[in-house]
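So the structure is just underneath, and the comments pick up after that.
The values are calculated or read from the model by the stated rules, or taken from the named source; none is laboratory data. Remember, it's a predicted structure, so these values are computed and weren't measured experimentally. Here Cβ is always computed from backbone atoms with ideal geometry, including for glycine, and neighbour counts include all displayed protein chains. We work out accessible area using only protein heavy atoms, side chains counted, and drop any ligands, DNA or RNA first. Shrake-Rupley method; radii C 1.70, N 1.55, O 1.52, S 1.80 Å.
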Amino acid sequence: MSDLPDSRLARDLSVSAMRLNRRLRLRHSSDRLPVAHLSILTTLLREGPMTTGELAARERIKPPSVSRSSHALVESGLMCREPHPTDGRQVVLRLTDAGTATARQEVAAREIALAEQLDELTQQQRETLAAAARILTEIVERVD
């Protein structure tokens, strides 16, 4: 990548996002679950029950990976499989009460970690980050 201003900004944003995500994942509240499982739980918490294929698309992973992870999550009592209401060949993945609690704890732990850092910023820095968050959300929604 060249050192054109947009290229450098893209590189800096990419590196910062990866580092932040990695640090938040390393601090996750549930040491007993792999990060991929926690990601599935938080996706289901945020978006509700869905099929394996829908979850794979949301997580941007292959359906067999979702199947393996969902099997482990079902065995651990954090998720359940229900018959699809219109397609007997599919199942719908849904969080159990324990899965919902675990996902909420994970989200809360990340929010607390970020809030602690935001407390150290000026009001202007927080406003800048709020605007950046809106812009990043727009970018994420456009990226395939």
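Which one of Arg104, Arg94 is of a type outside the set (S, T, N, Q), in contact with a strand residue (DSSP E or B) (Cβ under 6 Å, 6 or more places away or on another chain) and closer than 19 Å to Leu33 by Cα?
Criteria check complete, one pass: Arg94.
Scan region 85-102 residue by residue and report those that are modelled with pLDDT of 95 or more and open to solvent by 40 Å² or more (accessible area, probe 1.4 Å).
Arg94, Asp97, Ala98, Ala101
Hey, Arg89 hits all of (1) in a loop (DSSP other than H, G, I, E, B); (2) closer than 28 Å to Val143 by Cβ but one; which does it fall short on?
(2)
Which condition number does Ile135 fail, the rest of (1) among the β-branched types (Val, Ile, Thr); (2) closer than 27 Å to Pro34 by Cα; (3) part of a helix (DSSP H, G or I) being met?
(2)
Would you mention how many residues in region 44-71 are open to solvent by less than 40 Å² (accessible area, probe 1.4 Å), in contact (Cβ under 8 Å) with a residue 24 or more places away in the chain and of a type in the set (A, V, I, L, M, F, W, C)?
4
Within the bounds of region 113-130, is there any residue that is open to solvent by less than 70 Å² (accessible area, probe 1.4 Å) and not in a helix (DSSP H, G or I)?
Yes, because at least one residue in region 113-130 is open to solvent by less than 70 Å² (accessible area, probe 1.4 Å) and not in a helix (DSSP H, G or I).
Just to verify a result, which residue in region 88-107, among those that are of a type in the set (A, V, I, L, M) and under 13 Å from the mean Cα position of the chain (by Cα), is farthest from Arg25 (Cα to Cα)?
My answer is Ala103.
Scan region 76-84 and give yes if some residue there is part of a strand (DSSP E or B), within 27 Å of Val140 (Cβ to Cβ), open to solvent by less than 30 Å² (accessible area, probe 1.4 Å) and touching an Asp or Glu at 6+ places or on another chain (Cβ under 6 Å), otherwise no.
Looking through region 76-84, none of the residues is part of a strand (DSSP E or B), within 27 Å of Val140 (Cβ to Cβ), open to solvent by less than 30 Å² (accessible area, probe 1.4 Å) and touching an Asp or Glu at 6+ places or on another chain (Cβ under 6 Å).
When Leu20 is evaluated against the numbered criteria (1) assigned to a helix (DSSP H, G or I); (2) among the aliphatic types (A, V, I, L, M); (3) modelled with pLDDT of 90 or more, which criterion, by number, is the only one it fails?
Every condition holds for Leu20 apart from (3).
Quick check, is Arg110 in contact (Cβ under 8 Å) with a residue 40 or more places away in the chain and in a helix (DSSP H, G or I)?
Answer is yes for this residue.
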